[in-house]
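K.L.:
I have a structure I would like to understand better, so I am pasting it below and will then ask my questions one at a time.
The values are calculated or read from the model by the stated rules, or taken from the named source; none is laboratory data. Note that the coordinates shown come from a computational prediction; the quantities given were computed from them, not determined experimentally. Note that we place each Cβ from the backbone using ideal geometry, even for glycine, and neighbour counts take in every protein chain shown.
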Amino acid sequence: MDLAYAPLARVQTLLRRRELSAVELTQAVLDRILALDNEIKAYLTVAPEWALEQAEEADRRRASGNDSSPLLGIPLAIKDLICVEGVPNTCGSRMLENYIPPFSATVIEKLRAAGAVILGKTNTDEFAMGSSTENSAFFATRNPWDLNRVPGGSSGGSAAAVAAGMAFGALGSDTGGSVRQPAAMCGVVGVKPSYGRVSRWGLVAFASSLDQIGPLARTVTDAAILLGVIAGHDPRDSTSVDTPVPDYPSFLTGEVRGLRVGVPQEYFGEGIQPEVEAAVREAIGTLAGLGAEIVEVSLPHTDAALPVYYLIAPSEASANLARYEGLRYGLSLEGPDLWQTYRRTRGQGFGAEVKRRIMLGTYALSAGYYDAYYLKAGKVRTLIRRDFDQALARCDVLVAPTTPTTAFRLGEKVDDPLQMYLADLFTLALSLAGLCGVSVPCGFDQNGLPIGLQIMGRAFDEATVLRMAHAYEQATEWHLQHPPLRANG
Ligand code: GLN
């Protein structure tokens, strides 16, 4: 199917001219999943019959003349942390292996109202804790660019599905980098919206002061379309903010002359793969060539982001995951008494990384340590936010690498949690600050693995971040390259 990598606008044109039906399109993507996903393993669940029903519905809607939605008939993939009514939602965990949600997340309701076709649920690190998708209780997903490497994580299944043409876009969730980081490693676009931009109702909670749902797509325009559909206030999520949602695609003018681009010096130093630094520096040159003004800035508390994140996120996770006790839903391994039921259920239901986080978080929140760890981390978090506010008072956006390295080998970091945590070194601070960012492809290393450019912006200023990313994308050809898969021919 030469359509596999087509941008949404082109697919919509074909659908509108009746040169293609949503059913044909959906069937073609399902065939491609059948041909490729045995190896890539991006999906945990594919729902072919339901997908075709949704496609038929989209075709009927188009026939009735109600066809203005840019997502009408477009097949999408959803991270298995976002509830879709009637479809298993495992969160990559044995704990929820048999959980079928009786409701859909707000973002899913919005996608369905826009006429999108939901193909299935994608693999994730267990409860989104990880950077490689290897912490999934079921299997690891492989990077379409090199099947011996990880796709990044935790939204690795969504990133791999989009990169391999097994979906026209996807949703992931980003707590400390889980949309941007896999997007960078799979050579696609990933958007982390500002905290409060997108409703999390129906997203299984990991760390509630950080979690955001964000789109993954093959072009900035496609990502902007998806964001426009899922964004907005939701009375069911009190952290979602009641502020207007701009028409994102209309900001993608290609014009960035006079915009100020800050380059935070702390993001270029030790631990960064030289090819990643070179590609990002070249991208900054490209932005300068487009007329953007480049300025050096400093985010002095950058070093604190990793320790602060690994206190706050596990603390919140330890509270959020207390609900999996074997009584209400999910796995239940009953013991002779309540205590034994808890022990068995949680002992067998959670994997090693989730247990590690629960222990770290419980410790950081316990009496006598709360002030020294959790409270202090919160204070340093304010300093991190202040760094960004100061830099973004002088600049329209900041640019940096999305990840310190390109995709690493499967198994390379599984036994070394600290090494795994370092994969998010460049994405954590922005999440702690609650601001928005995007990763856009900006080159390849010598092994042909994608490199991501991270563009970060002010709270609720996704429009400027997307505008910059789009101008860069249009000035380069990275987004036109696709992984060497046998079904490409
Ligand atoms: N890799 C980070 C973690 O393990 C971020 C995960 C995420 O954003 N969900 O916590």
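K.L.:
Could you list, in sequence order, the residues of segment 38-80 that are acidic (Asp, Glu) and in a helix (DSSP H, G or I)?
P.N.:
Scanning segment 38-80 gives Glu39, Glu49, Glu53, Glu56, Glu57, Asp59.
Residue-by-condition table, conditions (1) in contact with a Phe, Trp or Tyr (Cβ under 9 Å, 6 or more places away or on another chain); (2) under 30 Å from Phe139 (Cβ atoms); (3) within 16 Å of the ligand (Cβ to nearest atom):
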| site | (1), (2), (3) |
| --- | --- |
| Leu365 | yes, no, no |
| Asp387 | no, no, no |
| Leu392 | no, no, no |
| Leu398 | yes, no, no |
| Thr405 | no, yes, yes |
| Pro417 | no, yes, yes |
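K.L.:
Give me the residue from segment 143-193 that is touching a Leu at 6+ places or on another chain (Cβ under 6 Å) and hydroxyl-bearing (Ser, Thr, Tyr) and, out of that set, nearest to the ligand (Cβ to nearest atom).
P.N.:
Per the criteria, the residue is Thr175.
K.L.:
Applying the selection to segment 15-30, what residues are part of a helix (DSSP H, G or I) and among the small types (Gly, Ala, Ser)?
P.N.:
Ala22, Ala28, listed by residue number.
K.L.:
With the checklist (1) part of a loop (DSSP other than H, G, I, E, B); (2) within 16 Å of the ligand (Cβ to nearest atom); (3) small (Gly, Ala, Ser) in hand, flag the one item Gly254 doesn't pass.
P.N.:
Going through the list (1) part of a loop (DSSP other than H, G, I, E, B); (2) within 16 Å of the ligand (Cβ to nearest atom); (3) small (Gly, Ala, Ser), Gly254 breaks only (2).
K.L.:
Something else: Which of (1) more than 26 Å from Gly228 (Cα to Cα); (2) within 16 Å of the ligand (Cβ to nearest atom); (3) part of a strand (DSSP E or B) does Gln454 not meet, given it meets every other one?
P.N.:
Going through (1) more than 26 Å from Gly228 (Cα to Cα); (2) within 16 Å of the ligand (Cβ to nearest atom); (3) part of a strand (DSSP E or B) one by one, Gln454 breaks only (1).
K.L.:
What are the residue pairs meeting all of these: first residue in segment 154-166, first residue at positive phi, second residue β-branched (Val, Ile, Thr) and assigned to a helix (DSSP H, G or I), Cβ atoms under 9 Å, and 6 or more apart or on different chains?
P.N.:
What qualifies is Gly165/Val29.
K.L.:
Which numbered condition in (1) within 14 Å of the ligand (Cβ to nearest atom); (2) surrounded by fewer than 17 Cβ atoms within 10 Å (Cβ to Cβ); (3) within 17 Å of Gln265 (Cα to Cα); (4) of a type outside the set (Lys, Arg) is the only one that Leu428 fails?
P.N.:
Condition not satisfied by Leu428: (2).
K.L.:
Could you grab me the full set of residues in segment 211-220 that are in a strand (DSSP E or B) and more than 12 Å from the ligand (Cβ to nearest atom)?
P.N.:
Listed by number, the residues that qualify are Pro215, Leu216, Ala217.
K.L.:
A follow-up question, please. Name the residue, out of Met95, Met129, that is over 19 Å from Leu226 (Cβ atoms), of a type in the set (A, V, I, L, M, F, W, C) and within 16 Å of the ligand (Cβ to nearest atom).
P.N.:
Going through Met95, Met129 in turn, just one is over 19 Å from Leu226 (Cβ atoms), of a type in the set (A, V, I, L, M, F, W, C) and within 16 Å of the ligand (Cβ to nearest atom): Met129.
K.L.:
While we're on this one: Hey, can you tell me all the residues within segment 167-180 that are under 13 Å from Asn123 (Cα atoms) and over 9 Å from the mean Cα position of the chain (by Cα)?
P.N.:
Result: no residue meets the conditions.
K.L.:
Please specify each residue of segment 337-362 satisfying the condition of being of a type in the set (A, V, I, L, M) and surrounded by fewer than 16 Cβ atoms within 10 Å (Cβ to Cβ).
P.N.:
Leu338, Ala352, Met359
K.L.:
Name every residue in segment 111-136 that is surrounded by fewer than 21 Cβ atoms within 10 Å (Cβ to Cβ) and either on the phi > 0 side of the Ramachandran plot or in contact (Cβ under 8 Å) with a residue 12 or more places away in the chain (or both), in order of residue number.
P.N.:
Passing the criteria: Arg112, Ala114.
K.L.:
Still on this structure, please answer the following. Could you list, in sequence order, the residues of segment 344-363 that are away from the ligand (no atom under 16 Å from the Cβ) and among the acidic types (Asp, Glu)?
P.N.:
Hits for segment 344-363: nothing passes.
K.L.:
So Asn447 clears everything in (1) more than 12 Å from the ligand (Cβ to nearest atom); (2) crowded, with 24+ Cβ neighbours inside 10 Å; (3) not hydroxyl-bearing (Ser, Thr, Tyr) except one condition, right? Which one?
P.N.:
Asn447 satisfies every listed condition except (2).
K.L.:
Residues Glu334, Glu296, Glu316: which one is exposed (fewer than 14 other Cβ atoms within 10 Å of the Cβ) and touching a residue at least 24 places away in the same chain (Cβ under 8 Å)?
P.N.:
Every option except Glu296 fails the conditions.
K.L.:
Given the conditions (1) of a type in the set (A, V, I, L, M, F, W, C); (2) farther than 29 Å from Gly411 by Cβ; (3) within 16 Å of the ligand (Cβ to nearest atom), and given that Ala140 satisfies all but one, which numbered condition is not satisfied?
P.N.:
Unmet for Ala140, out of (1) of a type in the set (A, V, I, L, M, F, W, C); (2) farther than 29 Å from Gly411 by Cβ; (3) within 16 Å of the ligand (Cβ to nearest atom): (2).
K.L.:
Can Glu412 be described as surrounded by fewer than 23 Cβ atoms within 10 Å (Cβ to Cβ), among the acidic types (Asp, Glu) and at pLDDT 95 or above?
P.N.:
Answer is yes for this residue.
K.L.:
Right, something else. Residue check, Arg10 against (1) without any contact (Cβ under 8 Å) to a residue 12 or more places away in the chain; (2) outside any helix (DSSP H, G or I), all met but one. Which one?
P.N.:
(2)
K.L.:
Name, by its number, the condition in (1) over 22 Å from Tyr310 (Cα atoms); (2) small (Gly, Ala, Ser); (3) within 16 Å of the ligand (Cβ to nearest atom) that does not hold for Ala433.
P.N.:
Among (1) over 22 Å from Tyr310 (Cα atoms); (2) small (Gly, Ala, Ser); (3) within 16 Å of the ligand (Cβ to nearest atom), Ala433 violates only (1).
K.L.:
Cβ-Cβ distance below 6 Å, separation of 6 or more or different chains: which pairs start in segment 430-446 with a residue that is in contact (Cβ under 8 Å) with a residue 24 or more places away in the chain and end on one that is outside any strand (DSSP E or B) and of a type in the set (Asp, Glu)?
P.N.:
From residues that are in contact (Cβ under 8 Å) with a residue 24 or more places away in the chain, the pairs are Cys436/Glu462; Val440/Glu473; Asp445/Glu275.
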